[in-house]
Amino acid sequence: MINSDTNDLFDLNRALKVENLTIKDYEEICKRLKRKPNRTELGMFGVMWSEHCCYRNSKPLLSKFPTKGKNVLVGPGENAGVIDVGNNQKLVFKIESHNHPSAIEPFQGAATGVGGILRDIFTMGARPIAVLNALRFGNIDKLSNLDLLRGVVSGIAHYGNCVGVPTVGGEIEFDDSFSGNPLVNVMALGLLETNEIVCSGAKNVGSPVLYVGNTTGRDGVGGASFASSELTTSSLDDRPAVQVGDPFIEKSLIEACLDAFKTGDVIAAQDMGAAGLTCSSAEMAANGNLGISIDLDLVPSREDNMSAYQYLLSESQERMLFVVKEEKVNNLIEKFNKWGLYAKVIGEVIEANEVVIYHKSKIVAQIPTAALSEETPVNFHNVIKNPPDYLLKKWEWKENNLPEINEHKIFSLKEKKSFSYSQIILKLLSNPSIASKRWIYNQYDSQVQANTVFKPGESDASLIRLREQNEKNKNKIFSGIAASVDCNSRWVSLDPFRGTIAAVAESARNVSCVGAKPLAITNNLNFCSPETEIGFWQLSSSCSAITEACTVLETPVTGGNVSLYNESKNKNNEITPIYPTPVIGMVGKIDNVEKAISSGWKNINDQIWLVGSYKSEIKIAASSYLEYFHGKITGRPPKLDLQDEKFCQSFLRNVILKSFVVSSHDISDGGLAIALAECCILSFKGAMIELDKDHIREDNLLFAEGGSRIIFSIDKNKEKAWLNYLKETKNNFQSSIYIKKIGYVSGESLKIKIKDKNICSIGVEELTEKFNNSISEHF
């Protein structure tokens with residue numbers, strides 16, 4: 001029977017508020033247990049029924065994602081997705097968020113975000129090989145946002161650098177909507193080192209349950225519930241809900257776990273992440289269709305007088321739970337002790353489908369496994385049939401609302417004076433959302449493990465060389481994994497469907513720009529409260545877009561994370577929701593990393609070409625130019641044609657692998673002019689560009705976004721062969737695709753002509769100074 005000591009009277013309303021549960025939830029819990037829960041059990045339900053753990057608001061939407069494909073070995077439901085990348089190698093990858101913890105304790109919130117996602121990877125039997133991150137902050141003119149940025153970057157750098165996993169790439173945007181609620185999304189990749197994928201389902205009644213890793217303390221108690229609620233002015237009081245990490249223990253845990261997994265003596269494994277011991281035990285039992293019994297008196301702890309509630313809800317870092325072969329327990333314990341880690345049997349697998357918890361020799365919780373982790377409640381919401389009125393009004397905006405262009409100068413609606421195109425390019429390059437992020441990535445060790453092909457900032461996607469285990473052939477051709485994280489939050493805020501289509505397309509485009517074929521995605525859906533009509537409509541529209549884009553581009557979803565209630569409430573109870581931000585983490589493969597290319601120009605006189613789609617719209621609406629130069633966040637984002645997008649990417653990959661193309665860069669924030677400037681900056685070479693006006697505004701030619709466009713340069717020694725190739729293959733091109741020469745690589749300036757008129761001439765040195773120093777100047 002349940003220990004009556006834990007059933008002492010407690011303030012139900014206060015307890016439900018703490019656990020983020022409703023009266024309806026409580027009634028359902030009583031129905032499932034056929035009795036009232038005690039306070040410990042209520043806490044277990046609180047974390048397991050939170051959005052962070054059970055996706056109670058998003059599950060119906062996520063179920064529509066395409067999750068199967070010829071490369072997919074493990075899809076959603078396990079700790080991470082797994083795909084086959086050939087040569088008997090398997091890639092494990094996933095993205096997770098640590099938004100709310102980072103808002104109130106930026107260093108530890110970000111650091112433990114890295115630690116948590118790494119454990120998801122090596123729990124599957126994979127060695128972590130790379131980390132990327134997607135970050136959002138309020139404008140850094142505000143000191144509090146600058147402090148958050150500094151703390152988060154320091155936390156990521158500290159944990160990643162110490163644990164020995166390279167941070168190879170990422171993306172970041174700044175907007176006032178993130179001032180009270182920054183986003184910290186971390187993606188990790190790993191290569192399987194075991195013969196079999198290690199899964200989480202418990203097997204074999206009577207098998208020991210082995211606790212390994214760090215000790216358990218009171219840090220992080222209730223972290224999952226905290227992550228599933230909005231941030232308020234009193235959220236600083238929740239600092240104990242933020243975990244504290246130790247990357248050196250994590251490094252030992254990686255090595256010890258991989259060593260243990262290779263023995264075949266570990267039957268199942270689960271990271272103690274969100275909801276700690278509660279989640280890991282419940283999920284292991286449920287996934288194995290069995291039960292689990294745990295004695296909390298056996299759990300290694302670092303604090304005295306911890307309650308059962310604290311043991312079960314602690315999110316202390318660097319801990320794992322195993323089900324192991326009984327006859328091999330002592331061998332495994334010795335392995336972990338050798339690495340200076342705790343390893344102790346704390347329970348066993350039982351036949352009854354229950355999670356049974358003992359503390360001080362009494363049962364303190366006894367809950368059916370399905371009630372906790374399988375048959376979790378789902379909140380159904382009605383989706384509004386039409387876009388909100390405020391968006392429909394924004395969609396009415398047209399380019400002719402902008403001032404007329406006078407002698408290649410344009411009047412800024414934001415600054416109330418005219419600027420030349422050269423001045424506009426420099427202003428856009430210096431905006432923190434577009435400018436170089438080198439102040440950030442210079443703090444990360446991107447070269448540890450010696451497999452990073454391109455340094456951060458050099459290429460559109462990160463690229464990791466895949467070395468086979470026990471490699472002996474020094475001359476072997478190595479394949480590589482490309483990865484990119486992408487989302488234009490402004491686009492998604494103005495049109496969740498089109499904006500998310502663009503996020504999937506851009507992440508695939510960036511992978512293609514290095515020469516790799518996109519294979520699969522993981523996603524992190526960062527949205528505000530789904531309990532509002534607009535909030536759920538944004539989430540629903542975005543999920544529909546992911547389904548459509550991933551189906552067409554043949555990049556199935558292998559897993560991810562949902563982070564809702566990303567909004568801040570001030571002292572006057574005014575709520576500010578974030579821009580909806582569905583971050584897409586795309587992975588792809590290239591068979592020979594020697595064929596991969598970066599973004600910067602390579603040789604003087606190389607031709608510069610442009611590929612794009614007539615069907616994919618090109619607009620100033622929703623652009624960086626419209627916001628940062630004119631101060632307007634309005635208009636409907638461009639519509640992309642996914643079939644044309646797929647063709648453009650396939651075309652580019654083919655000509656990269658044929659060695660015609662020596663550099664490529666997609667056109668995104670800031671349009672064509674900014675993409676050209678970035679290629680000049682990366683190579684310290686200029687460009688001579690000639691554009692046809694075709695009755696389009698000059699600022700549209702330079703700064704409009706969309707169009708599925710990529711600029712690339714052709715090796716000057718292969719021009720004749722290139723033109724012959726185009727002539728021979730032109731019948732394969734769709735009529736909606738254009739491929740045209742727009743210039744050539746030149747000396748030390750970016751020069752742009754429109755209809756034989758010089759409209760821009762900027763030295764590469766000046767471009768570089770503006771681009772490289774914008775963020776660092778704030779410090």
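Expressed to the nearest 5 percent, the antiparallel share of DSSP beta bridges inside the stretch 79-197 is 75 percent. Each of 354, 348, 627 has its accessible area taken with a 1.4 Å probe; listed largest first, they run 348, 354, 627. Dipole of the stretch 644-697 computed with +1 at Lys/Arg Cβ and -1 at Asp/Glu Cβ about the Cα centre; of 677, 648, 661, farthest Cα towards the positive end is 661. Ligands, DNA and RNA left out, the accessible area of the stretch 20-109 computed with a 1.4 Å probe is 51% carbon and sulfur. Considering the stretch 368-506, its Cα convex hull presents a mean projected area of 17.7 nm². Note on residue 299: accessible area approximately 10 square angstrom, rounded to 10, probe 1.4 Å, nucleic acids and ligands left out.
Quick one: compute the contact order of the stretch 608-670, relative version, from alpha carbon pairs under 8 angstrom and 6+ residues apart, as a percent.
Values: 43 pairs, mean separation 22.7, N = 63.
Relative contact order for the stretch 608-670 comes out at 36 percent.
What translational D, rounded to a whole number of µm²/s, comes out for the stretch 280-380 from Stokes-Einstein when the hydrodynamic radius is the Kirkwood one over Cα pairs, at 20 °C and 1.002 mPa s?
In µm²/s, the coefficient rounds to 144.
Can you tell me the 0 to 90 degree angle between the C-alpha axis of helix 23-33 and the longest principal axis of the chain, rounded to 10? So the inclination is approximately 50 degrees. Annotation for the stretch 272-340: GluC sites (Glu not before Pro) lying in DSSP loop with at most 15 further Cβ atoms inside 10 Å of their Cβ are 303. The trypsin sites (Lys or Arg not before Pro) of the stretch 523-591 that DSSP puts in a loop, and whose beta carbon has at most 13 other beta carbons within 10 Å, are 571. Entry for the stretch 451-599 at q = 0.16, 0.18 Å⁻¹: log10 I(q)/I(0) = -0.84, -0.97, Debye formula applied to identical alpha-carbon scatterers, no solvent contribution.
Taking a straight line from the alpha carbon of residue 335, these lysines sit under 30 Å away, with near neighbours fewer than eight places off in the same chain left out: 90, 94, 203, 251, 262, 325, 344, 360, 472. Working note: Cα gyration tensor of the stretch 687-779, eigenvalues times five, square-rooted, sorted largest first, giving semi-axes of 29, 18, 15 Å.
Compute, for the stretch 479-635, the length of the dipole vector about the Cα centre, with Cβ point charges of +1 (Lys, Arg) and -1 (Asp, Glu) only. Units Debye, rounded to 20. Don't skip to the end; give the middle numbers.
Working: 12 positive and 14 negative charges, 54 e Å.
For the stretch 479-635, the charge dipole is close to 260 debye.
Just the protein heavy atoms count here, and of the accessible area of the stretch 522-636 at 1.4 Å, carbon and sulfur take up 44 percent.
Ordered from highest to lowest accessible area with the whole protein assembly present and a 1.4 Å probe, 34, 619, 727 read as 34, 727, 619.
In this structure the stretch 375-523 gives 46 Å² per residue of accessible area when probed at 1.4 Å with all protein chains present.
DSSP beta bridges confined to the chain are antiparallel in about 80 percent of cases. Under the simplified labelling scheme, the residue 736-residue 304 pair shows an inter-label distance of 7.2 nm, with each label point 7 Å from Cα along Cα→Cβ. For the set 407, 554, 51, solvent exposure ranked by accessible area (probe 1.4 Å, protein chains only) runs largest to smallest as 407, 554, 51. When its C-alpha radius of gyration is set against 2.2 N^0.38 Å (N residues), the stretch 664-732 gives a value of 1.29. Taken over the stretch 342-419, the convex hull of the Cα atoms encloses 349 Å³ per residue.
With an 8 Å cut-off on Cα pairs and a minimum separation of 6 or more residues, tell me the relative contact order of the chain in percent.
14 percent
Among the chymotrypsin sites (Phe, Trp or Tyr not before Pro) in the stretch 361-414, those placed in a DSSP loop whose Cβ has at most 15 other Cβ atoms within 10 Å are 380.
Modelled label-to-label distance, residue 331 and residue 374, 7 Å Cα→beta-carbon offset: nm? So the two model labels end up 3.2 nm from each other. Full extension of the segment from residue 414 to residue 34, taken as 0.36 nm per residue of separation minus the current Cα-Cα distance, would add 130.5 nm.
As a ratio to 2.2 N^0.38 Å, the alpha-carbon radius of gyration for the chain is 0.97. Solvent-accessible area of residue 610, all protein chains in place: 10 Å² (probe radius 1.4 Å, heavy atoms, ligands and nucleic acids excluded). Straight-line cross-link partners of residue 571 among the lysines, defined as a Cα under 26 Å from its Cα and at least 8 positions apart when in the same chain: 17, 142. Centre-to-centre, using Cα atoms only, the stretch 67-107 and the stretch 263-303 are separated by 21 Å. Let me test this: with uniform point scatterers at the alpha carbons of the stretch 1-93, what is the Debye-based log₁₀ I(q)/I(0) at q = 0.11, 0.19 1/Å? For the stretch 1-93, the Cα-only Debye profile gives -0.52, -0.90. Measure nothing fancy, just the Cα-based angle from helix 247-263's long axis to the longest principal axis of the chain, in degrees from 0 to 90, nearest 10. Here the helix axis deviates by roughly 70 degrees.
Here the translational diffusion coefficient of the stretch 128-225 follows from Stokes-Einstein with Rh set to the Kirkwood radius across Cα pairs; for 10 °C and 1.306 mPa s it amounts to 94 µm²/s.
Kindly express, to the nearest 10 degrees and within the range 0 to 90, the angle between helix 671-683's C-alpha long axis and the longest C-alpha principal axis of the chain. On a 0 to 90 degree scale, this one is about 80. Relative contact order of the stretch 563-691: 29 percent, from C-alpha pairs under 8 Å at least 6 residues apart in sequence.
The values are calculated or read from the model by the stated rules, or taken from the named source; none is laboratory data. On a predicted model such as this, the values are computed, not experimentally measured, just so you know. Note: ideal-geometry Cβ built from the backbone for every residue, glycine included; neighbour counts use all protein chains shown. Surface accessibility is based on the protein's heavy atoms, side chains included, excluding ligands, DNA and RNA. Shrake-Rupley method; radii C 1.70, N 1.55, O 1.52, S 1.80 Å.
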